[in-house]
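These notes concern the structure reproduced below.
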Amino acid sequence: MWFQNLIFVYMNFTELLLIAIGLSMDAFAVSIGKGLSVQTLRPRHTLAVGLWFGLFQALMPIIGYLLAAHFSGIVAAFDHWIAFVLLGCIGANMIREACSEEEDEVHTNDFAVRTMLLLAIATSIDALAVGISFAFLGVEIWNSAAVIGLTTCLLSMVGIRIGYHFGARYKSKAELLGGAILILIGLKILAEHTLTA
């Protein structure tokens, strides 16, 4: 009996981990874009990306879970548009800065609270919908949110370092690519929801 229970727990955790990895892919890609756009990557930048994305990826399923009964229809109808607009605006701004003749000495504004907040919300919209699904399925939310948040945090920290190592040599061209990545992610989210609707 204990062995069967152990297998059941293991299978549930494996499924949850796969869900967490899937949800973190947008944050991972955006982190690569952030890494492409920064000239000097400091430990605080890596930590900031991990904490922002990880925290919101953990928080959104909890919010979705708690509000499932009242807002599931609204979230399902507009989540992809919210993500598309936020990512598109931030990506367009990155491209504008890359094409500008003025060159910032240090891209510290890339990690400003407003920018990171918008990115964190945009990349965690899908997690809000997952939280709603968890509520309907009776999934335990607190441990699930912790696994999702931690997975996203770690992958985001890896992502920004990958982007930085590729982008440090190319500066403005890398920032241009980073902005394009954000816009493409927004289009992907929009297309996925539109085609499956």
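What follows draws every value from the coordinates through simple rules; no lab data is involved. Since this is a predicted model, take the numbers as computed values, not measurements. Cβ sites come from the backbone with ideal geometry, for glycine too, and all protein chains shown count toward neighbours.
Listing for the model above:
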{"read-out": "Cβ crowding within 10 Å averaged over residues, with 39-51, 17-29, 145-157 ranked highest first", "value": "145-157, 17-29, 39-51"}
{"read-out": "Residues whose placed amide H lies under 5 Å from that of GLN39, excluding near-sequence neighbours", "value": "HIS107"}
